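Note sheet for the following structure.
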Amino acid sequence: MPAYLLPCECGRDAVVTRAQAGDTVTCECGAKLSVPTLRGLAALRPAPVAAGAGARNRNWDDRHRVGFLLALGAVTCLLVAGYLWASLPALEVQPSDQDFINLVEGASARELFFYHNEAVHGLDRTAPADADVVRVRQMMSWGIGIVLAMALAASASACIVIWNKPGKK
């Protein structure tokens, strides 16, 4: 935004912008200065551009765009990893010995016979029911690791692209 120099009676100039048109500003000497309207600002001298202001307001060049896209890719990878972690299937919790003792002590004869048959026939199974869940958790864990590695690579690449100036060796 262009700035203008508003002269004071003390000889100093107060820097004002279009946003301050019609307001009152204070000079360094303490005097109150009324800022002219937009039409009146055009008659004032333009303020010189500060050395740091030009560097901050410059347009993005290609390396900034590439760095931004890499950073955006890193954030996307982190979101995907978080989603995979949140959707990991839960493993069944194995009952403790005390849980088993409590179950047997409170069971009737018919329930004990049912538990006995279930235990005997359960030993004949070739693969436990948790094998699929464990396999899915392993694959998803590998996926999380790969996506996190991609996020790390993208963020490191973004830093390198942005901080290395062209022609710098």
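The values are calculated or read from the model by the stated rules, or taken from the named source; none is laboratory data. Nothing here was measured: the structure is a model prediction, and the numbers come from that model. All Cβ positions, even for glycine, are placed from backbone atoms using ideal geometry, and neighbour counts span all protein chains on display.
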Would you be able to tell me the number of residues in the range 70-88 that are surrounded by 12 or more Cβ atoms within 10 Å (Cβ to Cβ) and either under 14 Å from V136 (Cβ atoms) or of a type in the set (S, T, N, Q) (or both)?
4
Only one of (1) surrounded by 12 or more Cβ atoms within 10 Å (Cβ to Cβ); (2) of a type outside the set (G, A, S); (3) over 28 Å from M139 (Cα atoms) does not apply to Q98, and that is (1)
Test result for R58, at pLDDT below 85 and surrounded by 15 or more Cβ atoms within 10 Å (Cβ to Cβ)
no
Pairing a residue in the range 147-167 that is touching a residue at least 60 places away in the same chain (Cβ under 8 Å) with any residue that is part of a loop (DSSP other than H, G, I, E, B) and surrounded by fewer than 16 Cβ atoms within 10 Å (Cβ to Cβ), where Cβ atoms lie under 9 Å and the two sit 6 or more apart in sequence or on different chains, gives P166/D61
Restricting attention to the range 1-42, report how many residues are in a loop (DSSP other than H, G, I, E, B) and within 41 Å of the chain's Cα centre (by Cα).
4
Does any residue of the range 65-74 turn out to be under 25 Å from V147 (Cβ atoms) and more than 25 Å from the chain's Cα centre (by Cα)?
no
